[in-house]
């Protein structure tokens with residue numbers, strides 16, 4: 001069943017757990033996410049970036065997720081990840097996304113607030129949840145790259161202003177995570193996260209969580225993070241399994257025998273994250 005991000009995160013707050021938000025690009029990834037959620041009895045967010053929608057086509061992404069939702073017995077949300085324009089958010093709302101993110105983190109605060117409110121006015125009118133972002137997360141997400149020196153951490157006071165002015169359902173914060181593989185162990189600014197939590201009552205979102213140590217994830221959940229984004233770990237599992245199959249059976253040409261093991265490898269990662277996030281058994 002398809003639900004909104006707001007509903008899902010309200011339940012997560014009550015139960016002191018976080019919901020995994022896993023990026024999808026094709027059928028096998030959708031299957032891996034939903035089958036994992038079913039087997040773990042965990043609520044889950046399937047999210048598509050602008051790059052994923054360009055690659056697969058919005059009709060295919062929505063069709064796959066709605067087909068899964070029709071037979072799923074756990075709550076699913078379909079979320080736009082890092083939407084950077086009003087038009088992109090509206091396209092996703094029209095096609096049935098239950099949640100959208102408007103990423104105005106590159107804009108000055110006032111402009112970010114104004115654009116987030118523009119998206120939010122329409123989203124709220126049709127019952128769609130809204131995630132905003134304040135601060136810039138390093139690394140690369142599709143074709144969007146933020147160099148380390150330009151990655152700005154979220155200012156707690158600005159976070160309070162942003163949430164008050166926009167009334168977003170979730171706020172993505174920059175506290176030291178990055179998109180893509182890490183060059184060493186990430187160090188999260190938990191003092192900053194606690195200060196944001198003290199000033200903001202809205203569920204917080206941790207982007208770029210692939211590769212973050214388990215103890216850091218658990219501490220982030222304790223400090224109010226309710227949505228945790230995972231993409232790179234899924235991609236690595238996919239390519240690892242495909243490479244293994246092709247190395248062991250170089251003559252293999254059946255996509256099912258190549259992509260089937262990749263799905264199982266992704267499921268192992270996803271189910272492990274659900275247990276780490278404490279969302280297993282919560283649906």
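Observations, loosely collected:
- Restricted to the range 7-20, and to residues there that are touching a strand residue (DSSP E or B) at 6+ places or on another chain (Cβ under 7 Å) and within 15 Å of residue 283 (Cβ to Cβ), the residue that is surrounded by the fewest Cβ atoms within 10 Å (Cβ to Cβ) is 12.
- For the range 26-48, the set of residues classified as in contact (Cβ under 8 Å) with a residue 40 or more places away in the chain and surrounded by fewer than 23 Cβ atoms within 10 Å (Cβ to Cβ) consists of 28, 31, 35, 39, 41, listed by residue number.
- Selection of the range 11-25 for residues being out of contact with any helix residue (DSSP H, G or I) (no Cβ under 6 Å at 6 or more places or on another chain) and either in contact (Cβ under 8 Å) with a residue 12 or more places away in the chain or under 17 Å from residue 100 (Cβ atoms) (or both) yields 11, 12, 13, 15, 16, 17, 21, 23.
- Sub-6 Å Cβ pairs linking a first residue in the range 101-121 that is without any contact (Cβ under 8 Å) to a residue 60 or more places away in the chain to a second residue that is in a loop (DSSP other than H, G, I, E, B) and surrounded by 14 or more Cβ atoms within 10 Å (Cβ to Cβ), at least 6 apart or interchain, are 112/104; 115/104; 116/104, ordered by first then second residue.
- The residues on offer are 217, 228, and the sole one that is within 15 Å of the chain's Cα centre (by Cα), crowded, with 17+ Cβ neighbours inside 10 Å and assigned to a helix (DSSP H, G or I) is 217.
- Subset tally (residues that are touching a strand residue (DSSP E or B) at 6+ places or on another chain (Cβ under 7 Å) and within 18 Å of residue 96 (Cβ to Cβ)) for the range 35-61: 9
- Count of the range 270-283 residues which are in a helix (DSSP H, G or I) and either farther than 22 Å from residue 37 by Cβ or out of contact with any strand residue (DSSP E or B) (no Cβ under 8 Å at 6 or more places or on another chain) (or both): 4
To keep it simple, each residue is scored yes or no on (1) part of a loop (DSSP other than H, G, I, E, B); (2) surrounded by fewer than 24 Cβ atoms within 10 Å (Cβ to Cβ).
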{"position": "66", "(1), (2)": "no, yes"}
{"position": "74", "(1), (2)": "yes, yes"}
{"position": "77", "(1), (2)": "no, no"}
{"position": "82", "(1), (2)": "no, no"}
{"position": "93", "(1), (2)": "no, yes"}
{"position": "97", "(1), (2)": "yes, no"}
{"position": "106", "(1), (2)": "yes, yes"}
{"position": "112", "(1), (2)": "no, yes"}
{"position": "118", "(1), (2)": "no, yes"}
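- The sole residue among 265, 248 that is more than 30 Å from residue 14 (Cα to Cα), surrounded by 17 or more Cβ atoms within 10 Å (Cβ to Cβ) and out of contact with any strand residue (DSSP E or B) (no Cβ under 6 Å at 6 or more places or on another chain) is 265.
- Residue check for residue 198: over 26 Å from residue 262 (Cβ atoms), surrounded by fewer than 16 Cβ atoms within 10 Å (Cβ to Cβ) and at pLDDT 95 or above: yes
The values are calculated or read from the model by the stated rules, or taken from the named source; none is laboratory data. Because the structure is a prediction, the values reported are computed rather than measured. Here the Cβ is made from the backbone with ideal geometry for all residues, glycine too, and neighbour counts use every protein chain on show.
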